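K.L.:
My questions all concern the structure below.
The values are calculated or read from the model by the stated rules, or taken from the named source; none is laboratory data. Note that the structure is predicted; figures quoted are calculated from it, not measured. Cβ atoms come from the backbone with ideal geometry, glycine included; neighbour counts cover every protein chain shown.
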Amino acid sequence: MRPRSGRRVGRNAVRCVESPTEGPMRPGPRRSLTHAEILEAAFALLETKGFEAVSVRGVAGVLGLTPTAMYTYYPNKGALLAGMVEQLLGRVDTSEADGAATPEHARTRVVELAQGLRSILVERPGAVGLLLATPLDGPNARRLDERLLAAFADAGLDPVAASRATHAVRVHVLGAVAFDAAEEERSPGGPTAADPGPAPAASATLWDDAETFPLGDRSRGLGDDPAGRFAWGIERLLDGLLAPAPIARG
């Protein structure tokens, strides 16, 4: 038997023929990831190792990728952090409010937005630090601000007052979540309970001195439920923000 090239093939030789349907063997496809998978790995890194550990190289290591492969998705740490913030805030329900644009309805809407943001942040340890370290200028962040501004406008605030009120609500949410997280870490059985650190200074025992701090001693343990404390705080904040402006005299 002669091959088409005219060269004789030995009896025991193996002839390599490309399959007309499969073609020549090629390298397997490069592993592709979704942005959601990458961001989930970044959040896992944030929750287990802290904010400083979150980087393009760090996330690449978690996913078993080279940093070069990660750069095709997020070119730098800033872009990665911005993506994390956007995914986080995208979970807050910022749909258009239903109902009439009344002050009462507007107040309810602000409370709903604040509670929704708090719930998302509580689920993600380290999320407050992420928001504080990243510009809140993405579409989801701006949409949340837009809804708050609209609600305060419906409540009768002028643009300047609405902007300041929106900032105050944001600060209240972030501060409350950060404070509650710190308290949980310090509490017995909290994340750092296995490593309590150095013993407290002697002056810390003054807190237990009922004669020196009678009001503090009686109030200790009262209103410690984080959710209830937050709900009370946001309502009192809105009492002040939405109160009629005092009439200037003289």
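K.L.:
For segment 59-138, list the helices (runs of 4 or more DSSP H) that sit wholly inside it and hold at least 2 residues that are under 21 Å from L46 (Cβ atoms) and of a type outside the set (A, V, I, L, M, F, W, C); which are they?
P.N.:
So the answer is 67-71, 77-89, 103-123.
K.L.:
Consider E104 against the criteria (1) acidic (D, E); (2) farther than 20 Å from A243 by Cα; (3) exposed (fewer than 15 other Cβ atoms within 10 Å of the Cβ): it satisfies all of them except one. Which criterion is unmet?
P.N.:
Unmet condition: (2).
Matching residues to (1) over 14 Å from the mean Cα position of the chain (by Cα); (2) hydrophobic (A, V, I, L, M, F, W, C); (3) not assigned by TED's automatic domain parsing to the domain that holds V54:
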{"position": "L113", "(1), (2), (3)": "yes, yes, yes"}
{"position": "S119", "(1), (2), (3)": "no, no, yes"}
{"position": "D145", "(1), (2), (3)": "yes, no, yes"}
{"position": "A151", "(1), (2), (3)": "yes, yes, yes"}
{"position": "H172", "(1), (2), (3)": "yes, no, yes"}
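K.L.:
Further, regarding this structure: Go through the residues of segment 101-111 one by one and say whether even a single one is polar (S, T, N, Q), farther than 18 Å from V171 by Cα and in contact (Cβ under 8 Å) with a residue 40 or more places away in the chain.
P.N.:
Yes: segment 101-111 contains one or more residues that are polar (S, T, N, Q), farther than 18 Å from V171 by Cα and in contact (Cβ under 8 Å) with a residue 40 or more places away in the chain.
K.L.:
Can you tell me which residue within segment 237-250, out of those that are closer than 19 Å to D154 by Cα and either exposed (fewer than 10 other Cβ atoms within 10 Å of the Cβ) or in contact with a strand residue (DSSP E or B) (Cβ under 8 Å, 6 or more places away or on another chain) (or both), is modelled with the lowest pLDDT?
P.N.:
A245
K.L.:
Another question about this same structure. So which of L88, L80 ends up being surrounded by 15 or more Cβ atoms within 10 Å (Cβ to Cβ) and within 10 Å of the chain's Cα centre (by Cα)?
P.N.:
L88
K.L.:
Further question on the same structure: Quick one: in segment 155-183, of everything that is acidic (D, E) and at pLDDT below 95, which residue is surrounded by the fewest Cβ atoms within 10 Å (Cβ to Cβ)?
P.N.:
E183
K.L.:
Just give me the residues in segment 120-166 being out of contact with any helix residue (DSSP H, G or I) (no Cβ under 9 Å at 6 or more places or on another chain) and either among the charged types (D, E, K, R) or under 26 Å from A227 (Cβ atoms) (or both), in sequence order.
P.N.:
Correct list: E123, R142, E146, D158.
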